[in-house]
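See structure below.
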Amino acid sequence: MDQFWFYFKLGLNHVLDINAYDHVLFLVVLTVPYTFSNWKRVLWLVTMFTLGHTLSLILATYGVVSVNSKWVECLIPITILVTAVFNIFTAGKGAKKEKFGLTFFVALFFGLIHGLGFSTYFKQIVASASNKMVPLLEFALGIEGAQVIVVLLVLVLAFVFQSIFRFNKRDWVMVISSIVVGFVIPMMIETCRECFL
């Protein structure tokens with residue numbers, strides 16, 4: 001049980017770490033176009049992201065894939081920027097109701113990229129474990145738990161601003177996505193500059 005809590009808390013902290021807020025920024029722009037009435041769709045999106053994240057950790061931990069961490073660190077803010085800009089250009093147009101559309105596959109793909117960003121550190125943690133799959137799944141549960149916390153917070157804030165403060169949904173999506181763009185551009189410049197130096 002101690003091992004479960006160790007890896008579960010590691011997953012929680014991976015998402016909620018204030019010094020590594022890229023994960024939270026991605027979750028914010030992934031969730032901001034939705035409200036509580038879309039909770040199933042949001043849960044599926046976040047789960048697809050977790051699946052991608054976990055799959056890339058599995059592939060990296062078992063040595064199936066190996067990537068240059070500098071390039072991954074450059075790609076992570078790009079995924080956030082792409083999602084935020086997509087929100088800005090589609091704000092107010094309404095979420096499509098398809099069960100598995102392009103958005104779900106993009107969330108899965110972006111999860112793969114984000115997982116690769118953590119893979120080197122995670123490989124070091126589980127290096128001595130005889131069975132690496134159990135810690136991976138415990139870590140994934142921690143990630144999913146933390147993501148649900150972030151998603152709930154975004155949905156509650158959306159409800160408060162749209163119901164109490166009478167923010168238009170389109171304005172809410174555009175303002176929050178624009179704020180995230182403001183955070184992510186300096187991050188992208190810093191991480192991508194290292195790839196080309």
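Details
- Using the rule -39500 (n - 2.57) for each DSSP H run of four or more residues, divided by the residues of the chain, the 222 nm mean residue ellipticity is -26500 deg cm²/dmol.
- Diagonalising the gyration tensor over the Cα atoms of the stretch 101-197 and scaling each eigenvalue by 5 before taking the square root yields semi-axes of 32, 21, 12 Å, largest first.
- Phi-based couplings in Hz for the stretch 69-78 (Karplus 6.51, -1.76, 1.60; Gly and Pro marked x): 5, 5, 5, 5, 4, 6, 5, 4, x, 5
- Candidates Ala129, Ala107, Ala84, ranked by Gaussian network fluctuation over the chain, Cα under 10 Å, top entry: Ala129
- Expressed in units of 2.2 N^0.38 Å, where N is the residue count, the Cα radius of gyration of the chain is 1.04.
- Of Lys169, Lys40, the sequence from fewest to most neighbouring Cβ atoms within 10 angstrom is Lys40, Lys169.
- Per the Debye formula on identical point scatterers at the alpha carbon atoms of the stretch 25-79, with no solvent, log10 I(q)/I(0) at q = 0.14, 0.15, 0.22, 0.25 Å⁻¹ is -0.50, -0.56, -0.92, -1.03.
Bear in mind that the values in this text are calculations on the coordinates, not laboratory data. From a predicted model like this one, the values you see are computed outputs, not experimental measurements. Here Cβ is always computed from backbone atoms with ideal geometry, including for glycine, and neighbour counts include all displayed protein chains.
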